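J.: First the structure, then my questions, so here it is.
The values are calculated or read from the model by the stated rules, or taken from the named source; none is laboratory data. Predicted model, so just to flag it, every value in this text is computed and none were measured. Glycine also receives a Cβ, built like all others from the backbone with ideal geometry; neighbour counts cover every protein chain displayed. For the accessible areas, the whole protein counts, side chains as well, though only heavy atoms, and no ligand, DNA or RNA atoms are used. Shrake-Rupley method; radii C 1.70, N 1.55, O 1.52, S 1.80 Å.
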Amino acid sequence: MNIVYATDDGYCQHMAVSMASLIEHNKEVEINFHVLSDGISEENKQKVREMAKFYGRKVEFYPIEGLMQDLKDRIYGLDTGKFRITTLARLLMGSILPETVTKVLYLDCDTVVLRDISGLYDLRLNDDIAAMAAEPTIYPEVKELVGLTEEDNYYNAGMILLNLSAWRSEDMETNCLEYYNTMGGKLPFNDQDILNHVLKGRIKRVGQTYDFITNYYYFRYETLVEKSAAYGKGESKESFRLAKHHPHIVHYASDERPWNRGNMNHYSLAYDKYLKLTPFADAKKVKGKEAFMVAYHAMNIITFLAPPVRQFISDKYYNDKVRK
């Protein structure tokens, strides 16, 4: 398996946790790690190399600082908002990675693997270029903005199984950057929005279990189907329940991060468990967000008890961000 991460120095610890969890649940599989490095320190690179060596795995770092500046020069008005520009790196995998790498599994650094994922990696894509899991909670305004209808799925880019050969041969990188230019270098969710537009009709949907966003623990299945008419066509109530209790990949995509002190994330113990297997095992929880963690968890509880209240809060948040 060729596994790709993209990170800066600040998220290197979380990437190491994800790597350790993946190896622990896929011990019989040959794994090569490819890290798109936006300024990772030599000290942290060495820590990751030593961890990979301990497990008998290979890791290669690809410096992308120059490419990030190149993107600023090529995309007029580029503004990734609250997201670091590193988020765009996954669009450049085809030109960065060696031509010998023809298929990859991209994972966000804020993921933890809890089961064998060789079945996911071996999935035949046929005429599709990527495989991703749906994100039914995306704002309707975003779907409309990127050219999707109510009947279309919007996909989360925290896990992407990518046919890199097809991506290269069809020059998808250029298509992505050209589309971003037409949008003035501004999209609410940046590369994720780009992929949903450019790869429309070329994405194979996989179950929520392969990209289980931790907030979804508090959502009822019926609420998600209400939010997205297409969601129920590919995810049953039973498969969603199994994903919630036995996910393959947990994605800490919300603000309730397991590395923040005072967080009450239902899946935080998984992060803590694999953190102990990394060179960052002594890292302390981030202080200063304790009150926010309480408030955010209260919102998650409200999500289960009163979904319309959560919807009101989310809409207000989105509209405030758009105005800014």
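J.: Quick one: accessible surface of L177, probe radius 1.4 Å, all protein chains present, in square angstrom to the nearest 10.
T.: Approximately 10 Å² for this residue.
J.: Ok, one more. Ranked from the most accessible area to the least, with a 1.4 Å probe and all protein chains present, what is the order of F212, F304?
T.: Numbers: F212 0, F304 85 Å².
Largest accessible area first, the list is F304, F212.
J.: When N is the residue count of the range 180-275, what does its C-alpha Rg come to as a fraction of 2.2 N^0.38 Å? Spell out each step's value before the answer.
T.: Working: Rg = 15.7 Å, N = 96, 2.2 N^0.38 = 12.5 Å.
The range 180-275 yields a ratio of 1.26.
J.: Still on this structure, I have one more. Considering amide H positions built from the backbone, and no H for Pro or chain starts, which residues 5 or more places from H34, or on another chain, come under 5 Å of its amide H?
T.: Answer set, sorted by chain and number: I3, V4, Y5, E60.
J.: When you have a sec, figure out the Kirkwood radius of the chain from all distinct Cα pair distances and drop it here in Å to one decimal?
T.: Every distinct Cα pair counted, the radius reaches 20.3 Å.
J.: Also, quick follow-up: Distance from the Cα centre of the range 113-167 to that of the range 225-249, in angstrom?
T.: Here the answer is 14 Å between Cα centres.
J.: Then there's this: How much of the pair distance distribution for the range 1-144 lies past 18 Å, counting alpha-carbon pairs only, in percent? The partial results should precede the final answer.
T.: On the way: 6288 of 10296 pairs.
Above the 18 Å cut-off, the range 1-144 has 61 percent of its Cα pairs.
J.: Only Cα pairs under 8 Å and at least 6 apart count here; give the relative contact order of the chain as a rounded whole percent. Let's see the in-between values first.
T.: Details: 512 pairs, mean separation 62.8, N = 324.
With pairs under 8 Å counted, the relative contact order is 19 percent.
J.: Report Rg (one decimal) and Dmax (nearest whole number) for the range 214-324, counting Cα atoms only, units Å.
T.: When restricted to the Cα atoms of the range 214-324, Rg and Dmax are 15.9, 45 Å.
J.: Separate question: Multiply the residue separation of M183 and Q69 by 0.36 nm, subtract the distance between their alpha-carbon atoms, and state the gained length in nm to one decimal. Show your work: numbers first, answer last.
T.: Details: separation 114, 0.36 × 114 = 41.04 nm, distance 1.89 nm.
Between M183 and Q69, full extension yields 39.1 nm more.
J.: Turning to a different aspect of this structure: What dipole magnitude, in Debye to the nearest 20, does the chain give about its Cα centre under +1 on Lys/Arg Cβ and -1 on Asp/Glu Cβ? Spell out each step's value before the answer.
T.: Numbers: 41 positive and 45 negative charges, 191 e Å.
Dipole size: approximately 920 debye.
J.: ³J(HN,Hα) across the range 57-65 via Karplus (A = 6.51, B = -1.76, C = 1.60, θ = phi - 60°), whole Hz, x for Gly/Pro?
T.: Whole-Hz 3J(HN,Hα) from phi for the range 57-65: 10, 10, 9, 10, 9, 10, x, 10, 4.
J.: Taking the Cα centre of the range 16-118 as origin, work out the dipole magnitude from +1 charges on Lys and Arg Cβ and -1 charges on Asp and Glu Cβ, in debye rounded to 20.
T.: Working: 14 positive and 16 negative charges, 24 e Å.
Computed charge dipole of the range 16-118: roughly 120 debye.
J.: How long are the three semi-axes of the equivalent ellipsoid for the range 83-133, computed from the Cα gyration tensor as the root of 5 times each eigenvalue, in whole Å, largest first? Walk me through the numbers before you get to the answer.
T.: On the way: eigenvalues 78, 61, 23 Å².
Rounded to whole Å, the semi-axes are 20, 18, 11.
J.: Only loop residues by DSSP count here, and only those with at most 15 other Cβ atoms within 10 Å; note down the trypsin sites (Lys or Arg not before Pro) in the range 244-284 that meet that. Write out the running numbers ahead of the final one.
T.: Details: sites: K244, R261, K273, K276, K284; in loops: R261, K276, K284.
Filter output for the range 244-284: R261, K276, K284.
J.: Counting other Cβ atoms within 10 Å of each Cβ, which trypsin sites (Lys or Arg not before Pro) in the range 32-83 have at most 13 and sit in a DSSP loop?
T.: Numbers: sites: K45, K47, R49, K53, R57, K58, K72, R74, K82; in loops: R57, K82.
Answer in residue order: K82.
J.: Then there is this: From the phi of every residue in the range 235-243, what ³J(HN,Hα) in whole Hz does the Karplus formula 6.51 cos²θ - 1.76 cosθ + 1.60 yield, where θ is phi - 60° and glycine or proline is x?
T.: Computed from phi, the couplings for the range 235-243 are 9, 8, 4, 5, 5, 5, 4, 5, 5 Hz.
J.: Based on the Cα gyration tensor of the range 104-158, what are the three equivalent ellipsoid semi-axes, each the root of five times an eigenvalue, rounded to whole Å and given largest first?
T.: Values: eigenvalues 122, 47, 16 Å².
Its equivalent ellipsoid spans semi-axes of 25, 15, 9 Å.
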